[in-house]
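A short write-up of the structure that comes next.
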Amino acid sequence: MKAVRDAVPIDAVVSEYLQLRSAGGGNLKGLCPFHDEKSPSFQVSPSKGLFHCFGCQEGGDTIAFVMKIDHLSFSETVERLAARGGITLRYEEGGYNPTHQRGERIRLIEAHKAAAAYYAGQLAGAEAEIGRRFLAERGFDQAAAEHFGVGYSPAGWDHLTRYLRGKGFSDKELILSGLSQDGRRGPIDRFRGRLMWPIRDVGGDVVGFGARRLRDDDNGPKYLNTPETPIYRKSQVLYGIDLAKKDIAKASRAVVVEGYTDVMACHLAGVTTAIATCGTAFGGDHIKILRRLLMDNGSARVIFTFDGDAAGQKAALRAFEDDQKFAAETYIAIAPDGMDPCELRLVKGDDAVRELVAPRTPLFEFALRQIVGRYDLETPAGRAAALDEAAPIVARIKNVASQHEVAVELAGMLGILDTQFVVKRVAQLARWARERGGAPDGRARPGAGPRPGPRQPAGPAALGPAQPSFTGPALNLRSPAHRTERELLKLALQYPALVSPAFDAYGADEFTAPPYAAVRRTIAEAGGAAQGVDNAPDYLARVREAAADDTVRALVTELAVEAVLTRAVDEAYAGEQLVQVRLRAVDRRVREVQGSLARLGAHGDPERLAAVQNELWVLQQYAQSLRNHGASAL
């Protein structure tokens, strides 16, 4: 193992993932890739072959670093470093015995490396004139082609296959690599008469190719990529990541474009953080690659550039679906006249490409405008329908403060003057999603009670994500509110049929005692009280299993066995508890709104004043209805 560690200097490996500078005494320092920090506490000692972070305490040698940052096993890491250092590994009997696939990986990487060199050499030949012309017409000279390793695959049937056979690769290896395919008389080249882009993984190894059609008599697809192989998964590779990774890590910024030529145009224009997917939509595995480079820095930026056509807009909306998986903020940039970065560079020059990714539109704003634009906002029905589709999207935003701000912006897009109505709607959807463990789409789920309608507020909006345990003042059973909340929870656990389906529409924030709020969340996590109507024993077991910790689980058990404070446990008694808990929640909200009204005063913004007054009136009417009609008003 010492030979493997010494073969590749640790600073050379680490510097592929982050920027290093002198720390004195022969050591180097940089921002730790394993935790978020603002000042560098990550140090590398080239002389000792070790790294250590004084912030998160991660440390070790070259092997430990590669294992952690690339999520590889020990054996995979040793093989990767050995191949990079030109070391041949020998496996002793009784020791590590690599699997069939593990031994193949090194051979497939070597085959792709040889293929990339072969294709690059072919680009200078007479047959490749059409490929060179294609590049020149898009502003790429020989130096650009060499920088990106662009090559050409001859039009014959088996030129590469015969070349790689001469290098010692077997037909089985060539088929498995995707470089060749079965023909009538044996393997033939998969790529023929095409311009070739090598696709490298984050470590710089060639793992596949993207091939562009050049001739009209080529009946294949415009772009043909390597098929799925043991070393190539299109959902797990990003074109240009090997060239862009250092600058992505350094600048905490990545630009996602749509094609190989767009990556080339961006890099040549000075946007050296540009990358592209390879024949698939940007998805979760691509996000994992970027997060390692961006180090989940909250100030990081990911900018998507899509064509302005319908397909580009659709791609942007797909990207937005994964937006919340980033710690980074996401933006979209669409070039004027629908040009992609390659076209923009040709028409307007390098400066235009750099300017393209400078004035950015937040991706959420773009997604919302695309949705809202499909509706007629001049009519109440159109505004309501647009809100129904857009509000669940805003509710996905994890940061509560950001969610509130975007909800306000959505109200402006829709032209709804009652901003608080939109804010409350979004917060309500987000709360249901947290409590029920599902998407904030507002759709009913099995066992879930009906949601409150316009005149049935579900209590004040939650101010943040549910906590795994409870904190706050101790329970006070002399408090009428605490006593009623306890009774309602006992009924929900022991007699779910009496409180269903109304109980499942109650928010955890309607329970003023933090322990009771935690139990309410636990019941929601188990699917709601309606789940216990037909199978009480199984329901209680699910509720106990859903408890966040032993403290909550113990309270669930206690409430499930404690006697209800009445001899006649019936619908009337259950209705009284439901009404009292809801009424107190409404009264609390009335007091909050009255406080807002007082702060606005007589000289506040008229529209805001009218919205608050309207909310107050609705709440007061609902409270009065509860007092007059009891459970039938829920």
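The values are calculated or read from the model by the stated rules, or taken from the named source; none is laboratory data. Since we're looking at a predicted model, the values are computed, not measured. When we count neighbours, we look across all protein chains shown, and the Cβ atoms used for this are built from the backbone with ideal geometry, even at glycine.
Any residue that is farther than 14 Å from LEU108 by Cα and either surrounded by fewer than 15 Cβ atoms within 10 Å (Cβ to Cβ) or modelled with pLDDT of 95 or more (or both) - is there at least one of those in region 171-181?
Checked region 171-181: at least one residue is farther than 14 Å from LEU108 by Cα and either surrounded by fewer than 15 Cβ atoms within 10 Å (Cβ to Cβ) or modelled with pLDDT of 95 or more (or both).
Looking at region 418-432, I want the residues that are acidic (Asp, Glu) and have a partner that is assigned to a helix (DSSP H, G or I) with Cβ atoms under 7 Å, at least 6 apart or on another chain. Which pairs are those?
Pairs found: ASP418/ALA611; ASP418/ASN614.
Determine if region 246-259 includes at least one residue that is at pLDDT 95 or above and of a type outside the set (Val, Ile, Thr).
no
Could you list, in sequence order, the residues of region 7-64 that are among the polar types (S, T, N, Q) and closer than 28 Å to ALA82 by Cβ?
SER15, GLN19, ASN27, GLN43, SER45, SER47, THR62
Going by the conditions given, is ARG190 charged (D, E, K, R), outside the structural domain of VAL8 (by TED's automatic domain parsing), buried (at least 16 other Cβ atoms within 10 Å of the Cβ) and closer than 21 Å to GLY121 by Cα?
Working: charged (D, E, K, R): yes; outside the structural domain of VAL8 (by TED's automatic domain parsing): yes; buried (at least 16 other Cβ atoms within 10 Å of the Cβ): yes; closer than 21 Å to GLY121 by Cα: yes.
Against the criterion (charged (D, E, K, R), outside the structural domain of VAL8 (by TED's automatic domain parsing), buried (at least 16 other Cβ atoms within 10 Å of the Cβ) and closer than 21 Å to GLY121 by Cα), ARG190 qualifies.
Under 8 Å between Cβ atoms, which residue pairs at least 6 apart in sequence (or on different chains) link something in region 1-13 that is not assigned by TED's automatic domain parsing to the domain that holds VAL202 with a partner that is at pLDDT below 90 and among the basic types (Lys, Arg)?
ALA7/ARG84; VAL8/ARG84
Pick from region 209-232 the residues that are exposed (fewer than 15 other Cβ atoms within 10 Å of the Cβ) and within 27 Å of the chain's Cα centre (by Cα): which of them is farthest from THR161 (Cα to Cα)?
Only one residue fits best here, namely GLU228.
For region 221-261, which positions are without any contact (Cβ under 8 Å) to a residue 60 or more places away in the chain and among the polar types (S, T, N, Q)?
ASN225, THR226, SER235, GLN236
Take the conditions among the β-branched types (Val, Ile, Thr) and either modelled with pLDDT under 95 or over 30 Å from the mean Cα position of the chain (by Cα) (or both) and apply them to VAL206. Does it pass? Steps first, please.
Values: among the β-branched types (Val, Ile, Thr): yes; either modelled with pLDDT under 95 or over 30 Å from the mean Cα position of the chain (by Cα) (or both): no.
In short, no.
Quick check on LEU377: is it more than 22 Å from TRP432 (Cα to Cα) and in contact (Cβ under 8 Å) with a residue 60 or more places away in the chain?
no
Taking the condition surrounded by fewer than 21 Cβ atoms within 10 Å (Cβ to Cβ) and at pLDDT 90 or above, does VAL499 pass?
Working: surrounded by fewer than 21 Cβ atoms within 10 Å (Cβ to Cβ): no; at pLDDT 90 or above: yes.
Criteria not met by VAL499.
Without any contact (Cβ under 8 Å) to a residue 12 or more places away in the chain and either of a type in the set (S, T, N, Q) or over 30 Å from ALA83 (Cβ atoms) (or both): does that describe ALA126? Don't jump to the end; show me each part of the working.
Numbers: without any contact (Cβ under 8 Å) to a residue 12 or more places away in the chain: yes; either of a type in the set (S, T, N, Q) or over 30 Å from ALA83 (Cβ atoms) (or both): yes.
Here the answer is yes, as ALA126 does meet what is asked.
Going by what's in this entry, would ARG544 be described as over 13 Å from LEU489 (Cα atoms), among the basic types (Lys, Arg) and in contact with a helix residue (DSSP H, G or I) (Cβ under 7 Å, 6 or more places away or on another chain)?
Values: over 13 Å from LEU489 (Cα atoms): yes; among the basic types (Lys, Arg): yes; in contact with a helix residue (DSSP H, G or I) (Cβ under 7 Å, 6 or more places away or on another chain): yes.
When the stated conditions are applied, ARG544 passes them.
Any residue at all in region 67-77 that's under 22 Å from ASP201 (Cα atoms), assigned by TED's automatic domain parsing to the domain that holds ILE10 and touching a Pro at 6+ places or on another chain (Cβ under 8 Å)? Walk me through it before giving the result.
The initial filter retains those residues of region 67-77 that are under 22 Å from ASP201 (Cα atoms), namely 67-77.
Going one step further and asking which of them are assigned by TED's automatic domain parsing to the domain that holds ILE10, we end up with 67-77.
Now narrow it down to the ones that are touching a Pro at 6+ places or on another chain (Cβ under 8 Å): 69, 75.
Yes, region 67-77 contains a residue that is under 22 Å from ASP201 (Cα atoms), assigned by TED's automatic domain parsing to the domain that holds ILE10 and touching a Pro at 6+ places or on another chain (Cβ under 8 Å).
Of all residues being among the hydrophobic types (A, V, I, L, M, F, W, C), modelled with pLDDT under 80 and over 17 Å from LEU417 (Cβ atoms) in region 595-626, which is surrounded by the most Cβ atoms within 10 Å (Cβ to Cβ)? Just the residue, please. First the steps, then the outcome.
Filtering region 595-626 down to residues among the hydrophobic types (A, V, I, L, M, F, W, C) leaves 597-598, 600, 602, 609-612, 616-619, 623, 626.
Now restrict to residues that are modelled with pLDDT under 80: 597-598, 600, 602.
Within this subset, residues satisfying the condition of being over 17 Å from LEU417 (Cβ atoms) are 598, 602.
Details: ALA598: 8, ALA602: 5.
My answer is ALA598.
Looking at the structure I just gave you, is ALA526 in contact with a helix residue (DSSP H, G or I) (Cβ under 6 Å, 6 or more places away or on another chain) and either hydroxyl-bearing (Ser, Thr, Tyr) or touching a residue at least 24 places away in the same chain (Cβ under 8 Å) (or both)?
Values: in contact with a helix residue (DSSP H, G or I) (Cβ under 6 Å, 6 or more places away or on another chain): yes; either hydroxyl-bearing (Ser, Thr, Tyr) or touching a residue at least 24 places away in the same chain (Cβ under 8 Å) (or both): no.
Answer is no for this residue.
Take the residues in region 297-320 that are under 27 Å from ILE69 (Cα atoms) and exposed (fewer than 15 other Cβ atoms within 10 Å of the Cβ); name whichever of them is modelled with the highest pLDDT. Walk me through how you get there before you give the answer.
Filtering region 297-320 down to residues under 27 Å from ILE69 (Cα atoms) leaves 297-304, 319-320.
If we keep only those that are exposed (fewer than 15 other Cβ atoms within 10 Å of the Cβ) as well, we get 298-299.
Numbers: GLY298: 61, SER299: 71.
The residue in question is SER299.
Looking at ARG354, ARG431, ARG345 in this structure, which one is buried (at least 20 other Cβ atoms within 10 Å of the Cβ) and at pLDDT 90 or above? It would help to see each step written out before you state the result.
Numbers: ARG354 fails: buried (at least 20 other Cβ atoms within 10 Å of the Cβ); ARG431 fails: at pLDDT 90 or above.
From the options ARG354, ARG431, ARG345, the qualifying one is ARG345.
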